[in-house]
Amino acid sequence: QVQLVESGGGLVQAGGSLRLSCAASGRTFSSSAMGWFRQAPGKEREFVATINWNGDSTLYAASVKGRFTISRDNANNTVYLQMNSLKPEDTAVYYCAARTSTVRATSVYNYDYWGQGTQVTVSS
């Protein structure tokens with residue numbers, strides 16, 4: 001159905017920026033809401049951002065609102081997470097996820113497909 005591959009992670013200094021990409025394959029991408037989640041060592045996977053099927057509606061976790069931007073390019077089957085003003089507490093593995101619905105969602109249990117993750121490390 002949907003396969004997801006994240007890229008763009010790396011090591012960055014506090015205050016810096018990174019753009020994560022999620023390349024998707026499958027016929028259902030254009031009708032799927034998408035999300036970004038992150039998981040730090042010893043922590044639960046937590047919601048970061050979500051976007052509806054056509055990109056006209058987004059929602060962010062309070063901890064990243066104003067710093068991160070989620071977007072999608074359905075023509076290229078790609079979703080992005082632009083991360084600015086990064087903080088050490090943003091350090092985590094970031095996962096791209098898709099759900100079999102057009103509507104945004106914030107719970108890990110609402111998503112059906114997951115990428116393998118990409119590491120983001122922010123140094124102080």
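No lab work stands behind these numbers, since they all come straight from the coordinates. All figures in this text were calculated on a predicted structure; none of them were measured in a lab. Note: ideal-geometry Cβ built from the backbone for every residue, glycine included; neighbour counts use all protein chains shown.
With charges only on Cβ, +1 for K and R and -1 for D and E, what is the dipole size of the chain about its Cα centre, in debye, rounded to 20? Before the final figure, lay out the partial values.
Working: 11 positive and 8 negative charges, 18 e Å.
Roughly 80 debye, rounded to the nearest 20.
Remark on residue 87: its backbone amide H falls under 5 Å from those of 15, a criterion applied only to residues 5 or more positions apart or on other chains, H modelled at 1.01 Å from N. Evaluated with a Cβ-only charge set (Lys, Arg +1; Asp, Glu -1), segment 61-106 carries a dipole of roughly 160 debye about its Cα centre, given to the nearest 20. Taking 0.36 nm per residue of sequence separation and removing the Cα-Cα distance, the residue 67/residue 27 pair yields an extension gain of 11.3 nm. For the chain, the mean projected area of the C-alpha convex hull, equal to one quarter of the hull surface, is 6.7 nm². Here the simple spin-label model places points 7 Å from the Cα toward Cβ, and for residue 1 and residue 100 these points are separated by 0.4 nm.
Extending 7 Å from Cα along the Cβ direction at residue 121 and again at residue 107 yields two label points whose distance is 3.5 nm.
Normalising the Debye intensity of segment 1-70 to I(0), with uniform scatterers on Cα atoms only, and taking log10 at q = 0.17, 0.19, 0.22, 0.29 Å⁻¹ returns -0.76, -0.94, -1.19, -1.43.
Just to verify a number: FRET efficiency for residue 11 and residue 75, C-beta to C-beta distance, R0 = 35 Å, to 0.05? Kindly include the intermediate steps, with their values, before the conclusion.
Values: r = 31 Å, r/R0 = 0.90.
After rounding to 0.05, the efficiency reads 0.65.
Along segment 10-26 the Karplus relation, 6.51 cos²θ - 1.76 cosθ + 1.60 evaluated at θ = phi - 60°, assigns HN-Hα couplings of x, 9, 9, 6, 3, x, x, 9, 9, 10, 8, 10, 10, 8, 10, 10, x Hz to successive residues, with x for each Gly and Pro.
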